[in-house]
Amino acid sequence: MNSFGRAQHNESVSNAIITHDLGKTYGDRPIVRNLDLRVPEGCVYGFLGPNGSGKSTTMKMLLSLVRPTSGEVHIMGRRMQRSTRRSILGGIGSLIEAPPAYGHLTGHENMRLVQRLLGLDQGQVQRAVRTVRLQEHLDKRVRDYSLGMKQRLGIALALAREPRILILDEPTNGLDPAGIEEMRRLLRYLAEQGITVMVSSHLLGEIDRTAQVLGILGNGRLLFQGSREQLFSRSTPDVLIDTAEPERATTLAARWSAVREGHSVRVPGVDQAATARLVSHLVQGGVPVHGVRRQEQSLEDVFMDLTGGRGL
Amino acid sequence: MNGRAVANEFTKMRRLRVAPLVLIMVVGVVALTCVTFTAPGFLDSVDDPDARPWHWLLAGLALAVPLVSPILLAVLASRQVDMEHQGHGWLLNQVSGVTPGHLCRVKFLSMGALVAGATLAQSALVVALGRAVGISVDLPLGPWLGYTTAIIVVNLVLFALHLLVAARVPNQLVGLGLGVLGVFVTLAGTGMPLWSAHLLPPWGYYAVATPVDTDAGGVVALDPPYLSVLSLGIVGALVFLGVTRMFDRQET
Ligand SMILES: Nc1ncnc2c1ncn2[C@@H]1O[C@H](COP(=O)(O)OP(=O)(O)OP(=O)(O)O)[C@@H](O)[C@H]1O
Ligand SMILES: [Mg+2]
């Protein structure tokens with residue numbers, strides 16, 4: 001009991017966002033289930049999942065825009081509740097589903113609205129605008145902005161309050177490759193400034209190299225949470241055996257579900273010990289083994305594996 | 001928080017042609033009322049107390065207000081709210097501490113002040129023009145103020161209703177359609193017996209508030225049921241607060 005309490009305390013110090021058993025049900029349809037998120041402070045946290053897996057719903061619960069059916073949300077060690085929500089939200093910048101802004105107003109006027117509402121000073125607004133490099137376009141009406149400019153304005157609106165946490169829902173949606181690259185650079189820069197950035201995407205490639213920690217959602221459940229390396233080590237890549245007699249090797253290794261693939265044999269799901277046994281079995285059977293290697297696995301493959309092939 | 005949010009609403013009215021719309025509301029009502037000046041013999045009897053020129057003018061005003069106001073109030077409410085749907089403003093405000101219901105209340109305060117001001121201006125301008133054409137009879141202050149106050153209440157209740165509809169139904173054609181329907185209900189209300197106009201809130205209350213009646217060339221002062229209008233105001237306020245509270249609790 002005691003050590004549990006201590007562990008929880010430590011957790012809340014190093015994690016900017018924690019959820020316990022977070023869940024949301026619409027009608028009798030569970031949308032998000034038993035979510036235990038741990039978003040470490042000062043990192044970019046990539047929140048991945050196929051369309052409809054519940055990313056936006058989860059982010060809205062973090063911001064208390066949607067009431068959880070079960071569970072708790074803790075932000076910077078404080079429990080999100082009706083009574084705390086206003087002050088907690090003051091420390092979170094967010095962009096949910098689509099970049100907000102009034103099209104009939106200029107970028108400057110839009111910034112001014114948030115500045116007035118939150119009582120920010122001119123310096124805070126200017127820094128936010130410069131961070132997203134929008135200072136040249138502030139006098140243009142937002143309806144004349146490109147999508148990329150709208151996204152950047154949305155982030156500037158979120159950044160102006162100088163938040164400790166930034167929650168961005170698919171900020172790369174609809175951007176061209178250059179825009180996506182620029183967004184990546186921006187996210188890395190913000191994390192370097194000590195801001196915890198939680199960013200969602202249904203495209204792994206968009207945040208794969210930017211995020212230090214990944215959370216993968218499938219059908220409302222957290223399928224994986226951890227570093228890229230942990231993600232790789234979790235799933236066992238196929239073993240490929242190069243041999244001059246692939247036919248005989250396939251027969252011999254039938255109980256490992258081996259399949260022939262040209263001049264090699266593919267064996268799925270064998271760990272290191274099993275690989276050793278497999279190779280020795282083949283050698284004893286007189287198969288000339290030229291090489292044993294593991295299939296290079298892309299993060300995409302792992303992601304597809306975890307989400308049951310629905311992603312990407 | 002409220003002061004800042006209200007100030008923001010005025011910033012957001014830029015380029016939405018709010019000023020011209022409010023101006024049309026004022027000028028439209030005043031111009032229609034001034035048709036009274038062209039009635040045969042009106043300008044000859046501006047100093048005859050028995051001809052009751054102010055009461056004629058009040059009758060003109062009571063005809064013009066329900067013709068012009070309902071549709072313009074619908075348009076004004078829709079303009080204020082549509083930008084929140086288009087620009088994802090509900091969320092933007094919510095994460096800055098202004099919940100959707102709160103935002104509606106702020107819109108009521110800011111635009112409602114303009115609506116009340118415009119209604120007051122209509123009434124005052126008609127008096128000024130009456131004096132300008134030479135009416136020297138004493139202004140019947142009671143009925144005049146009573147009617148002005150009553151239509152401010154009815155206008156605000158109708159505006160609040162349109163705010164709620166515009167916020168609840170993102171397709172603004174629905175609210176505007178309701179506005180057009182309201183014009184017909186208003187017109188129907190003026191031809192109805194008083195008790196049945198009571199059953200058509202808020203539009204029927206333009207008729208309920210009517211302070212004078214004209215028949216066979218004469219004009220008679222009525223004793224409008226101000227209590228009914230007051231009740232409309234109170235019920236309207238309670239419903240508006242209740243529904244916006246509900247908006248506050250609703251999820252996005
Ligand atoms: N208010 C609501 N009422 C009922 N169902 C909802 C509601 N909001 C979301 N859903 C459902 O919840 C599921 C998850 O939606 P959500 O928007 O969280 O997914 P997502 O991971 O953000 O997807 P995407 O990548 O398409 O943005 C969807 O099937 C959606 O239909
Ligand atoms: Mg989404």
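Any residue in region A:165-188 that is within 14 Å of another protein chain (Cβ to nearest Cβ) sitting within a Cβ distance under 7 Å of a residue that is within 16 Å of ligand 1 (Cβ to nearest atom) and part of a loop (DSSP other than H, G, I, E, B)? List the pairs, counting only those 6 or more apart or interchain.
Every condition considered, the pairs that remain are A:Ile167/A:Leu63; A:Asp169/A:Ile96; A:Asp169/A:Glu97.
Each row is one residue, and each column tells you yes or no for (1) buried (at least 18 other Cβ atoms within 10 Å of the Cβ); (2) closer than 25 Å to A:Gly77 by Cβ.
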residue: A:Ala160; (1), (2): yes, yes
residue: A:Asp176; (1), (2): no, no
residue: A:Val199; (1), (2): yes, yes
residue: A:Glu206; (1), (2): yes, no
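Report yes if A:Gly103 is open to solvent by 20 Å² or more (accessible area, probe 1.4 Å), more than 16 Å from ligand 2 (Cβ to nearest atom) and either within 30 Å of A:Ser227 (Cβ to Cβ) or touching a Leu at 6+ places or on another chain (Cβ under 8 Å) (or both), otherwise no.
no
Can you find, within region A:51-82, the residue that is nearest to B:Arg249 (Cα to Cα) among those that are open to solvent by 20 Å² or more (accessible area, probe 1.4 Å) and within 13 Å of ligand 2 (Cβ to nearest atom)?
Across region A:51-82, the extreme among qualifying residues is A:Lys60.
Kindly indicate whether B:Gly41 is within 14 Å of another protein chain (Cβ to nearest Cβ) and not in a helix (DSSP H, G or I).
No; evaluated as a whole, the condition is false for this residue.
Here is a list of conditions, (1) away from ligand 1 (no atom under 12 Å from the Cβ); (2) at pLDDT below 95; (3) outside the structural domain of A:Ile195 (by TED's automatic domain parsing), and A:Met80 meets all of them except one; can you say which number that is?
Failed condition: (3).
Answer yes or no as to whether A:Ile31 is open to solvent by less than 20 Å² (accessible area, probe 1.4 Å) and outside any helix (DSSP H, G or I).
Spelling it out, it is not the case that A:Ile31 is open to solvent by less than 20 Å² (accessible area, probe 1.4 Å) and outside any helix (DSSP H, G or I).
Let's see how each residue does on (1) touching a His at 6+ places or on another chain (Cβ under 7 Å); (2) open to solvent by 30 Å² or more (accessible area, probe 1.4 Å); (3) touching a residue at least 24 places away in the same chain (Cβ under 8 Å):
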{"position": "B:Ala121", "(1), (2), (3)": "no, yes, yes"}
{"position": "B:Val126", "(1), (2), (3)": "no, no, yes"}
{"position": "B:Gly130", "(1), (2), (3)": "no, no, yes"}
{"position": "B:Val133", "(1), (2), (3)": "no, yes, yes"}
{"position": "B:Gly142", "(1), (2), (3)": "no, yes, no"}
{"position": "B:Leu156", "(1), (2), (3)": "no, yes, yes"}
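Residue pairs, Cβ under 7 Å, 6 or more apart or interchain, first in region A:104-122 and within 7 Å of chain B (Cβ to nearest Cβ) and over 17 Å from B:Val106 (Cβ atoms), second open to solvent by 10 Å² or more (accessible area, probe 1.4 Å) and aliphatic (A, V, I, L, M). List them.
Close Cβ pairs satisfying both conditions: A:His104/B:Leu16; A:His104/B:Met83.
If you check A:Ile155 against the conditions, is it in a helix (DSSP H, G or I), outside the structural domain of A:His20 (by TED's automatic domain parsing) and among the β-branched types (Val, Ile, Thr)?
Yes: the conditions hold for A:Ile155.
The values are calculated or read from the model by the stated rules, or taken from the named source; none is laboratory data. Since the structure is predicted, the reported quantities are computational estimates derived from the model, not experimental observations. Note: ideal-geometry Cβ built from the backbone for every residue, glycine included; neighbour counts use all protein chains shown. Areas reflect the complete protein model, heavy atoms only, side chains present, ligands, DNA and RNA absent. Shrake-Rupley method; radii C 1.70, N 1.55, O 1.52, S 1.80 Å.
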